[in-house]
Amino acid sequence: QNEIYLAGLAGIVPSLPMTAAGLEERAREELDPAAFAYVAGSASAERTAHANLSAFEKYRLLPRVLRGATGPGVRDLSVEVLGTRLAAPILTAPVGVLGLLRERGETLVAEVTKELGIGMCLSTAASSTIEETGARAGAWWYQLYWPSDMELARSFVERAEKAGAKAIVVTADTPALGWRPRDLQHGHLPFLHGKGIANYLSDPVFRAKLSAPPEESEEAMRAAVLTWSGLFGNHALRPADIARLRDWTELPIAVKGVVHPDDARQVVDAGADAVIVSNHGGRQVDGAVGALDALPTIVATVGDRVDVLFDSGIRTGSDVMIALSLGAKAVLYGRPWVYGLGLAGIDGVRHALRCLLADFDAAMGLSGCTSLHDLSRTMISSYRV
Ligand code: FNR
């Protein structure tokens, strides 16, 4: 904040928009239309994507005053989640195919999150390999899209553990991709262009399934993409597979994409260490509940046994405060920094993340909060719109 105002005295104003909505608007103007559609698009009529944002309208903070809690250096926003220490309760959400926005985008996100001391969750559908991203990242978790082949799933998990991942995040809401009209309209499924399959192409189990190395010819690459499409999703997964994953790795396990309390209970019974309440940014089941509306019930159901995390709709610092006050331990931040990446590469990611961090820090200070322990239901007023 101070940095920007001081630069302003010298006539320098930020070159990127200061809000999530502003970043989206600029991205709509400047990015390749198919790339923008991939990031901005959600499932079907995009009702759930809207519900994710409007759910935040139902809660208002009750800031405290005269708490002697303001001033620089007074606040400690750090948290330990799944054994990972973070400077703030924020991780970048796993977002696939960042190569569509910037060459080796994941490695740039790794560098910035490390610099800022927050977490990164690396997608299975990344355009950079597990190893090259892990080498640059600070605290990072690996997101698993569990393939239909068990040996390949295990290989991904073992590679991630070896490369330094601190947790495995199983995304449970994506046995297949949702119906996404904006991608469909462009006839463009980013994965099919080979940009989201770096981790498959670099995997020995995957390569053993190919008749020719994908580097050899365009035809061999096309064949590799077809092999990928046969392996991507897995409709057969059950809570027992979480228990199976427990045998494969020592790392803590989080299950992402849970909104039903019965599912939360089942995955925790099966051995998950955390549940991430999320509806994938509204990209999977349209008409599903706004993610924030699902959070209190999940916290009430499993919050005494495991950490509950949250994503889908975080856009501001006070959004982070509201999610944490409702019981989330940390949040995953999605689209806004992806627009930043597309607009200005590593500087754009840094800008978007620093804006959220500064907004969160300011909102905490102005609400009289010195640490995350100050965030609880007593900070919230339910507000029926
Ligand atoms: C995603 N998301 C996602 N989730 C996941 O587990 N693996 C993935 O590869 C992806 N890929 C992906 C791509 C894009 C372009 C988006 C926008 C989202 C979902 C993501 O992790 C998170 O749940 C949502 O982004 C949260 O919604 P908001 O807050 O970004 O709207």
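List, please: which pairs have Cβ atoms under 6 Å, are six or more places apart or on different chains, and start with a residue in the stretch 257-272 that is at pLDDT 95 or above and end with one that is hydroxyl-bearing (Ser, Thr, Tyr) and surrounded by fewer than 18 Cβ atoms within 10 Å (Cβ to Cβ)?
PRO261/THR297
Can you tell me which of GLY187, GLY178 is within 15 Å of the ligand (Cβ to nearest atom), more than 27 Å from ARG350 (Cβ to Cβ) and part of a loop (DSSP other than H, G, I, E, B)?
Exactly one of GLY187, GLY178 is within 15 Å of the ligand (Cβ to nearest atom), more than 27 Å from ARG350 (Cβ to Cβ) and part of a loop (DSSP other than H, G, I, E, B), namely GLY178.
Return the pair list, or none, for Cβ contacts closer than 8 Å from residues in the stretch 34-45 that are over 20 Å from ALA176 (Cβ atoms) and modelled with pLDDT of 95 or more to residues that are within 8 Å of the ligand (Cβ to nearest atom) and outside any loop (DSSP other than H, G, I, E, B), at least 6 apart or on different chains.
ALA40/ARG335
Which of (1) within 13 Å of the ligand (Cβ to nearest atom); (2) open to solvent by less than 30 Å² (accessible area, probe 1.4 Å); (3) not in a helix (DSSP H, G or I) is the odd one out, the single condition ARG315 does not satisfy?
(2)
Which residues, taken from the stretch 327-368, are outside any loop (DSSP other than H, G, I, E, B), more than 28 Å from VAL275 (Cα to Cα), more than 14 Å from the ligand (Cβ to nearest atom) and not aliphatic (A, V, I, L, M)?
GLY345, ASP347, GLY348, HIS351, GLY365
Quick check on this structure: which one of VAL79, VAL97 is at pLDDT 95 or above and surrounded by 23 or more Cβ atoms within 10 Å (Cβ to Cβ)?
Of the residues listed, the single one that is at pLDDT 95 or above and surrounded by 23 or more Cβ atoms within 10 Å (Cβ to Cβ) is VAL97.
Can you confirm whether GLY348 is under 12 Å from THR92 (Cα atoms) and either crowded, with 19+ Cβ neighbours inside 10 Å or without any contact (Cβ under 8 Å) to a residue 60 or more places away in the chain (or both)?
Criteria not met by GLY348.
Are there any pairs with C-beta distances below 9 angstrom linking a residue in the stretch 308-328 that is more than 16 Å from GLY290 (Cα to Cα) to a residue that is among the acidic types (Asp, Glu) and surrounded by fewer than 24 Cβ atoms within 10 Å (Cβ to Cβ), with the two at least 6 apart or on different chains, and if so which?
Correct list of pairs: THR316/ASP359; GLY317/ASP359; GLY317/ASP361; SER318/ASP359.
Given the conditions (1) part of a helix (DSSP H, G or I); (2) of a type in the set (Gly, Ala, Ser); (3) surrounded by fewer than 18 Cβ atoms within 10 Å (Cβ to Cβ), report the number of the one that ALA160 does not fulfil.
So ALA160 meets the others, but not (3).
Mind checking whether some residue in the stretch 276-285 is open to solvent by less than 40 Å² (accessible area, probe 1.4 Å), modelled with pLDDT of 95 or more, out of contact with any His (no Cβ under 8 Å at 6 or more places or on another chain) and in a helix (DSSP H, G or I)?
Checked the stretch 276-285: at least one residue is open to solvent by less than 40 Å² (accessible area, probe 1.4 Å), modelled with pLDDT of 95 or more, out of contact with any His (no Cβ under 8 Å at 6 or more places or on another chain) and in a helix (DSSP H, G or I).
Among the residues of the stretch 116-133 satisfying the criterion of being over 13 Å from the mean Cα position of the chain (by Cα) and away from the ligand (no atom under 11 Å from the Cβ), which is surrounded by the fewest Cβ atoms within 10 Å (Cβ to Cβ)? Break it down into steps so the answer makes sense when it comes.
Let us first name the residues in the stretch 116-133 that are over 13 Å from the mean Cα position of the chain (by Cα), namely 116-117, 127-133.
Pick out the ones that are also away from the ligand (no atom under 11 Å from the Cβ) and you get 116-117, 128-133.
On the way: LEU116: 21, GLY117: 16, SER128: 24, THR129: 20, ILE130: 26, GLU131: 14, GLU132: 17, THR133: 31.
Selected residue: GLU131.
The values are calculated or read from the model by the stated rules, or taken from the named source; none is laboratory data. The model shown is predicted, which means the values in this text are computed figures rather than measured ones. Using ideal geometry, Cβ is built from the backbone for each residue, glycine included, and neighbour counts are taken over all protein chains shown. Accessible surface areas use protein heavy atoms only, side chains included; no ligands, DNA or RNA. Shrake-Rupley method; radii C 1.70, N 1.55, O 1.52, S 1.80 Å.
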